[in-house]
Amino acid sequence: MIKNILTEPEPILRQKGRDISPDELGTPKLEQLTRDLIATMYAKDGVGIAAPQIGQSVQICAIAREHTPEQKSDLVLINPVWIKKSLIKVSGEEGCLSVPDVFGKVKRYKKIKVTALDPHGKKLVFEAANFPARVIQHEVDHLNGILFIDKAKDIYRTDNLL
Ligand code: ZN
């Protein structure tokens, strides 16, 4: 089901989502949330989405299939954490479904190692680089109540250009 995207200054966007507990994995409720996240992401033309953006303050995010590292399916990350695998940070333009019409340059680590669970509780460990690494860092920030505008430089709006 396609959900409404919550936008800044919605308080839930500023909360740290709670971890998903082991007994929630594989339940119909969690599967529904996963389906809602993915359906909403594609409906809104997002490359990634995090549960707080549809009003659920829990540690789940999804990455669109064309931006998943070395995978051909949508990537659902539960309780994800990452560590940097390179010291290099690269600056790139970002926007966010929860901060409409606003863009800015954000420095992100070029390469990261991600640890998470999939919706069935299988442990995922993988490296991501470049754009997929950027999307994952952006989505994990959401799960911790952080928005890209907190870190962005050269912020501009597209709704007052005309
Ligand atoms: Zn976002």
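The values are calculated or read from the model by the stated rules, or taken from the named source; none is laboratory data. Just so we're clear, the structure is a prediction, and the values are computed from it rather than from any experiment. Quick reminder, even Gly has a Cβ in these numbers, built from the backbone with ideal geometry, and neighbours come from all protein chains shown. Side chains included, ligands, DNA and RNA excluded: accessible areas come from the protein's heavy atoms. Shrake-Rupley method; radii C 1.70, N 1.55, O 1.52, S 1.80 Å.
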Given contacts defined as C-alpha pairs under 8 Å and at least six residues apart, what's the relative contact order of the chain, whole-number percent?
25 percent
Below 18 Å, Cα to Cα, which lysines can LYS110 reach? Residues fewer than 8 away in the same chain don't count.
LYS84, LYS85, LYS89, LYS151, LYS153
Just to confirm my numbers, what's the Cα centroid distance between the stretch 76-130 and the stretch 1-36 in Å?
18 Å
Pop the C-beta distance of ASP101 and ARG35 into the FRET formula with R0 = 30 Å and round what comes out to the nearest 0.05.
0.60
In whole Hz, the Karplus estimates of ³J(HN,Hα) for the stretch 122-139 (6.51, -1.76, 1.60; θ = phi - 60°; x where Gly or Pro) are 6, 6, 10, 9, 7, 9, 10, 9, 6, 4, x, 5, 5, 5, 5, 4, 5, 6
Using the Karplus curve 6.51 cos²θ - 1.76 cosθ + 1.60 with θ = phi - 60°, what ³J(HN,Hα) values do you get for each residue of the stretch 112-118, in whole Hz, with x for Gly and Pro?
9, 10, 10, 10, 7, 10, 8
Shape call, the chain: gyration tensor on alpha carbons, a/c limit 1.5
oblate
Computed over the stretch 11-157, protein heavy atoms only, probe 1.4 angstrom, the accessible area per residue in square angstrom equals 49 Å²
Net charge dipole size for the chain [Lys, Arg +1 and Asp, Glu -1 on Cβ; Debye, nearest 20]
660 debye
Counting only protein heavy atoms with a 1.4 Å probe and every protein chain in place, the carbon and sulfur fraction of the accessible surface of the stretch 11-157 in whole percent equals 53 percent
So for R0 = 25 Å, FRET eff. of ILE2-LYS122 from the Cβ-Cβ r, to 0.05, ends up at 0.40
